[in-house]
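Asks: Have a look at this one.
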Amino acid sequence: MAELQDQPLVRGKRKTKVVDFLVQFRWIFVIFFLLPISALLYLNTYLSVVWSGMKPEKQRQTEHEENVRKVVRRLKQRDPKKDGLVCTARKPWIAVGMRNVDYKRARHFEVDLSAFRNILEIDADRMVAKVEPLVNMGQLTRATCPMNLSIAVVSELEDLTVGGLINGYGIEGSSHIYGLFSDTVVAVEMVLADGRVVRATKDNEHSDLFYGVPWSQGTLGFLVSAEIKLIRIKEYMRVTYTPVRGSLREMAQDYADAVAPTDPSKATADFVEGLVFSESEGVMMTGVYASGEEARRKGNKINNVGWWFKPWFYQHAQTALVRGKGEFVEYIPTRQYYHRHTRSLFWECKLILPFADQLWFRLLLGWLMPPKIALLKATQGEAIRNYYHDNHVVQDMLVPLYKVGDALEFVHREMEVYPVWLCPHRLFKLPVKTMIYPEAGFEVNQRQGDTRYAQMFTDVGVYYTPACVFRGEEFDGALAVHRLEQWLIRNHGYETQYAVTELNEKDFWRMFDASHYDLCRRKYGAVGTFMSVYYKSKKGRKSETEVREAEAAILLDTAEQEDDD
């Protein structure tokens, strides 16, 4: 199998279809309809956030408690014999992810969580922010950055929510210090299947639930609030852009040296990010918090990358590869740096609006960017959605740092997608074996970046149309994802669950560990009320028959285990 993987792929010519023209000219619909509607939705969100912030803290907490009671009452209305499995009332297209949320097309029992979008408290003494699950990253940084505070891990896209990042996946260039977003959570407040409301921390009686929630995709209960660690920050980020050239493995080593410097004279940066632009060129970026006084010193350059007319960040970083320029340093306002990939959705907007990166467009309409992902998904239709699944890649591969070179070679051979995003993160050794975990013995056989308590991993982000599609060649998206998933299983890697998956149930639990998750499912009554995380991630439509069969199988399995006990 490994030998077959190493052989170059032979691709035939692809026939042009009607959907190709729909995708090619989709920009017309996006400019005249989606961008204006997106702008109105962003304005509405901003005004609602301002209104929420004007309310006294005590009022916000009182409203939160009443909304929790509504969730409890709604759950108790469910008849397990008649109603389907429980899920939120949020429309499938609102989720910021690529997989089909087709489980909601089957029989299900909806619970409305739309009111949970408030920052409840920012406690500068405890260094904790207490927030509801629909609070997004932009809302949080807008509230904390003026106080020179921030959550430790701020995902780049402003629309990503706290609940999605805790139950799913959240990473940033600071994750090589703090871990994933869920690692920065101090406590979670959950409504369980039986209507109980519990607060789980790493050292109270619900610590097992606390460790079980990350990656569970909301299948253990409803998250209604979270307390998140805050850190002290400065007004600016001093960013160093370093061009690198060579083979993919050589660039992977340059990246590893940026994450965990072997030179004792070099300190660990606050942020690390890599962009691989081709099989021979990339740019490594390191960021260090800096004061306004430092940034404004004579000779230093301040770059407000968040202004609407500025070049997209990844293209700006690529200028380090221009002959004669080389490494350069600049200062970026911290909040603008946090959300540096928002306007261009990394580089996906180049496909949606091919000319949106041009100066004339940025000057005239850049303030409308980006189109909301939810609207793009809601209006794409079945044909365009299938086209993207077949001819597009949106995947995040989580691999040990020392295997980044292997991962880059795999992506180049199988997908030929550029740019590739590299973002490091610590995978901590926890008291229990959660769904994702470090390699066995990493603390003894330490490699670059590893410590006794955490193994250094990297997110290899692959988001774009493969080069072979642009050349008019065939590309089998399902096969490519399948091969990627099998490679990850063999190399102790993980696939993020927001993405499209081809994993069957057996392989899903080869990639992720089910032991602690299943323990929590049974102990907290989620079985028979909330669908399993595999079932929720499973590709394709879920019929009512499938839902009933899945429920019956899970309940039977639970009954047999209880008899054995």
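Asks: Show me the helices (runs of 4 or more DSSP H) found entirely inside region 465-565 where at least 2 residues are among the β-branched types (Val, Ile, Thr), at pLDDT below 95 and open to solvent by 40 Å² or more (accessible area, probe 1.4 Å). Show your work before the answer.
Replies: Numbers: elements: 467-470, 477-490, 505-511, 515-523, 533-537, 544-564.
In region 465-565, 544-564 are the helices (runs of 4 or more DSSP H) which contain 2 or more residues that are among the β-branched types (Val, Ile, Thr), at pLDDT below 95 and open to solvent by 40 Å² or more (accessible area, probe 1.4 Å).
Asks: Ok, one more. Does residue 330 qualify as being acidic (Asp, Glu), touching a Phe, Trp or Tyr at 6+ places or on another chain (Cβ under 9 Å) and modelled with pLDDT of 95 or more?
Replies: On the way: acidic (Asp, Glu): yes; touching a Phe, Trp or Tyr at 6+ places or on another chain (Cβ under 9 Å): yes; modelled with pLDDT of 95 or more: yes.
So residue 330 fits the description; yes.
Asks: Looking at region 17-38, which of the residues that are among the β-branched types (Val, Ile, Thr) and either modelled with pLDDT of 90 or more or open to solvent by less than 100 Å² (accessible area, probe 1.4 Å) (or both) is nearest to residue 382 (Cα to Cα)? Quick ask: steps written out before the conclusion?
Replies: Step one: list which residues in region 17-38 are among the β-branched types (Val, Ile, Thr), which gives 18-19, 23, 28, 30-31, 37.
Those still in the list that are either modelled with pLDDT of 90 or more or open to solvent by less than 100 Å² (accessible area, probe 1.4 Å) (or both) too: 19, 23, 28, 30-31, 37.
Values: 19: 10, 23: 12, 28: 19, 30: 17, 31: 21, 37: 21 Å.
If we take residues in region 17-38 being among the β-branched types (Val, Ile, Thr) and either modelled with pLDDT of 90 or more or open to solvent by less than 100 Å² (accessible area, probe 1.4 Å) (or both), then 19 is nearest to residue 382 (Cα to Cα).
Asks: Further question on the same structure: Which of the residues belonging to region 46-63 are under 26 Å from residue 374 (Cα atoms) and in contact (Cβ under 8 Å) with a residue 60 or more places away in the chain?
Replies: Selection gives 48, 49, 52, 53.
Asks: Also, quick follow-up: Quick check on region 272-300: of everything there that is in a strand (DSSP E or B) and among the small types (Gly, Ala, Ser), which residue is nearest to residue 324 (Cα to Cα)?
Replies: Initial filter on region 272-300 (in a strand (DSSP E or B)): 272-276, 281-290.
Pick out the ones that are also among the small types (Gly, Ala, Ser) and you get 274, 282, 287, 290.
Numbers: 274: 21, 282: 16, 287: 23, 290: 27 Å.
The selected residue is 282.
Asks: As an exercise: evaluate residue 272 against (1) in contact with a His (Cβ under 8 Å, 6 or more places away or on another chain); (2) more than 17 Å from residue 317 (Cβ to Cβ) and give the number of the one condition it does not meet.
Replies: For residue 272, the failing item is (2).
Asks: Of all residues in region 374-413 being closer than 19 Å to residue 314 by Cα and of a type in the set (A, V, I, L, M), which is nearest to the chain's Cα centre (by Cα)?
Replies: Within region 374-413, the first condition is being closer than 19 Å to residue 314 by Cα, and the residues that meet it are 393-396, 408.
So of that shortlist, the ones also of a type in the set (A, V, I, L, M) come out as 393-394, 408.
On the way: 393: 15, 394: 11, 408: 20 Å.
Only one residue tops the list, namely 394.
Asks: Considering only region 312-343, state which residues are over 14 Å from residue 419 (Cβ atoms) and open to solvent by 40 Å² or more (accessible area, probe 1.4 Å).
Replies: Across region 312-343, the qualifying residues are 322, 323, 324, 325, 327, 329, 335, 336.
Asks: While we're here: Among the candidates 252, 269, which residue alone is within 29 Å of residue 429 (Cβ to Cβ), in a helix (DSSP H, G or I) and either open to solvent by less than 10 Å² (accessible area, probe 1.4 Å) or not polar (S, T, N, Q) (or both)?
Replies: Values: 269 fails: in a helix (DSSP H, G or I).
Only one candidate passes the filter, namely 252.
Asks: Could you tell me whether any residue of region 396-416 is in contact with a Phe, Trp or Tyr (Cβ under 7 Å, 6 or more places away or on another chain), open to solvent by 10 Å² or more (accessible area, probe 1.4 Å) and not in a helix (DSSP H, G or I)?
Replies: no
Asks: Let me ask another. Would you pick out the residues in region 39-58 that are open to solvent by 80 Å² or more (accessible area, probe 1.4 Å) and over 26 Å from the mean Cα position of the chain (by Cα)? Before you say what the answer is, go through the steps one by one.
Replies: To start, the set of residues in region 39-58 that are open to solvent by 80 Å² or more (accessible area, probe 1.4 Å) comprises 40, 43-44, 46-47, 51, 54, 57-58.
Once the filter is applied, which keeps residues that are open to solvent by 80 Å² or more (accessible area, probe 1.4 Å) and over 26 Å from the mean Cα position of the chain (by Cα), region 39-58 yields 51, 54, 57, 58.
The values are calculated or read from the model by the stated rules, or taken from the named source; none is laboratory data. These numbers come from a predicted model, not from an experiment. Counting neighbours? That spans all protein chains shown, and the Cβs are built from the backbone with ideal geometry, glycine included. Calculation scope for accessible area: heavy atoms of the full protein, side chains included, ligands and nucleic acids excluded. Shrake-Rupley method; radii C 1.70, N 1.55, O 1.52, S 1.80 Å.
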